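The values are calculated or read from the model by the stated rules, or taken from the named source; none is laboratory data. Small disclaimer: the values here were computed from a predicted structure and weren't measured. Virtual Cβ from ideal backbone geometry, glycine too; neighbours counted across all protein chains shown.
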There are 2 protein chains.
Amino acid sequence: MSRLDSFIRRLEAQRACLNRAAELIAGLDGIVLELGLGNGRTYDHLRELFQGPDVRWRDIYVCERQVAAHPDCVPPADRLLLGDLREALPRVSSRFAGKVALAHLDVGTGDAAANQALAAELLPLVVPLLCPGGVMASDPVMDCPELQPLPLPDGVAEGRYHLYRWRAV
Amino acid sequence: MSRLDSFIRRLEAQRACLNRAAELIAGLDGIVLELGLGNGRTYDHLRELFQGPDVRWRDIYVCERQVAAHPDCVPPADRLLLGDLREALPRVSSRFAGKVALAHLDVGTGDAAANQALAAELLPLVVPLLCPGGVMASDPVMDCPELQPLPLPDGVAEGRYHLYRWRAV
């Protein structure tokens with residue numbers, strides 16, 4: 001499998017997981033939190049899932065250190081949380097506690113160990129923001145008792161992407 | 001269609017066209033020329049198509065201004081043509097004239113007008129390198145009489161990627 005093949009599979013897995021997450025939170029109130037904007041492609045997909053013409057409208061907040069997305073994919077200023085994730089999330093911890101229906105984290109540095117280390121740092125910052133039944137979709141493993149791993153959509157191989165649901169422990 | 005959707009479709013189209021190109025040149029002698037290395041994903045795919053264990057081995061030459069690919073995807077120094085495409089191609093024009101079985105150009109700047117302008121500049125530099133029956137796969141349109149547009153693989157929409165075959169005019 002070439003790097004082109006595996007990149008396509010990863011993007012397909014990401015999209016399938018986001019689409020599934022949208023179904024999973026259909027019955028929940030809550031906002032969407034995109035952890036990292038990057039080029040804005042997944043933010044654009046989230047807009048389609050949660051702000052399209054025939055869907056339930058949700059606020060989408062985006063954390064990003066430095067906006068470098070396509071101009072069409074820059075969130076409104078009042079939905080943008082500027083700064084390193086480890087600094088930006090604590091700033092909204094009281095405001096967003098228990099109000100996030102879907103959080104999405106795609107670290108995507110290509111350095112698996114660094115991604116995993118960042119995920120571990122972010123866990124205690126993100127998990128308290130999820131509402132009961134809220135969903136976390138992520139590239140790295142998010143390993144904590146409050147996050148129950150969910151089955152992946154058809155065609156997504158184990159470990160290629162991750163889906164979790166918040167549960168009381 | 002979100003930008004994530006369209007990006008996935010573009011990558012799938014690119015892969016399908018490269019795979020088809022490999023079939024199309026199966027009966028030809030000649031080298032492969034990758035015009036732009038980028039992150040090295042398509043170069044890695046070309047290696048799989050032309051330097052894998054069960055395939056006909058071909059030299060792959062890569063033009064790139066500045067190598068910034070994944071370390072696993074950096075071509076050997078003697079297969080790397082450093083410099084701007086408009087300067088690197090003339091340097092190999094006599095060496096490679098009529099010897100390229102497949103040329104692949106993915107400008108991929110996201111700026112369609114700039115991509116098209118570069119493609120027009122590159123046409124007179126690339127076309128003379130193709131061997132009779134040689135194939136050009138490209139992101140931008142390559143509009144010249146010597147390049148006959150070929151049908152795209154199943155599932156690839158018209159204009160999403162391009163395949164051409166060299167013909168005498």
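A search for C-beta distances below 7 Å between a residue of the stretch B:146-169 that is touching a residue at least 12 places away in the same chain (Cβ under 8 Å) and any residue that is charged (D, E, K, R) and not in a loop (DSSP other than H, G, I, E, B), counting only pairs 6+ apart in sequence or on different chains, returns B:GLN148/B:ARG165; B:LEU150/B:ARG165; B:PRO153/B:ARG20; B:ARG160/B:ARG9; B:ARG160/B:ARG10; B:LEU163/B:ARG20. Taken as a whole, the stretch B:111-125 holds at least one residue that is farther than 24 Å from B:ARG10 by Cβ and either exposed (fewer than 15 other Cβ atoms within 10 Å of the Cβ) or touching a Phe, Trp or Tyr at 6+ places or on another chain (Cβ under 7 Å) (or both).
A single member of B:PRO76, B:PRO124, B:PRO90, B:PRO71 is within 14 Å of chain A (Cβ to nearest Cβ) and out of contact with any Ser or Thr (no Cβ under 7 Å at 6 or more places or on another chain), and it is B:PRO71.
Note on the stretch A:80-107: residues that are touching a strand residue (DSSP E or B) at 6+ places or on another chain (Cβ under 7 Å), within 12 Å of A:VAL62 (Cβ to Cβ) and either among the small types (Gly, Ala, Ser) or loosely packed, with under 14 Cβ neighbours inside 10 Å (or both) amount to 2.
In the stretch A:1-22, the qualifying residues are those that are facing chain B (nearest Cβ under 7 Å) and not acidic (Asp, Glu), and the one that is farthest from A:GLY52 (Cα to Cα) is A:SER2.
Checking each residue in the stretch A:57-68 for being under 22 Å from A:ASP29 (Cα atoms) and either part of a loop (DSSP other than H, G, I, E, B) or away from every other protein chain (no Cβ under 14 Å) (or both) picks out A:TRP57, A:ARG58, A:ASP59, A:TYR61, A:VAL62, A:CYS63.
Checked against (1) more than 12 Å from chain B (Cβ to nearest Cβ); (2) under 14 Å from the mean Cα position of the chain (by Cα), A:THR42 passes all but a single condition, namely (1). Tell me, yes or no, whether the stretch A:33-56 has at least one residue that is out of contact with any Cys (no Cβ under 6 Å at 6 or more places or on another chain) and in a strand (DSSP E or B). Yes - at least one qualifying residue is present in the stretch A:33-56.
What are the residues in the stretch A:23-39 that are at pLDDT 95 or above and either under 11 Å from the mean Cα position of the chain (by Cα) or within 11 Å of another protein chain (Cβ to nearest Cβ) (or both), if any? Correct list: A:VAL32, A:LEU33, A:GLU34, A:LEU35. Taking first residues from the stretch B:1-23 that are over 17 Å from A:CYS73 (Cα atoms) and partners that are of a type in the set (Gly, Ala, Ser), the Cβ contacts under 7 Å between residues at least 6 apart in sequence or on separate chains come to B:ALA16/B:GLY155; B:CYS17/B:ALA137; B:LEU18/B:ALA137; B:ALA21/B:ALA137.
Regarding B:PHE96, is this residue at pLDDT 95 or above and touching a Lys or Arg at 6+ places or on another chain (Cβ under 6 Å)?
Judged against the criteria, B:PHE96 is not a match.
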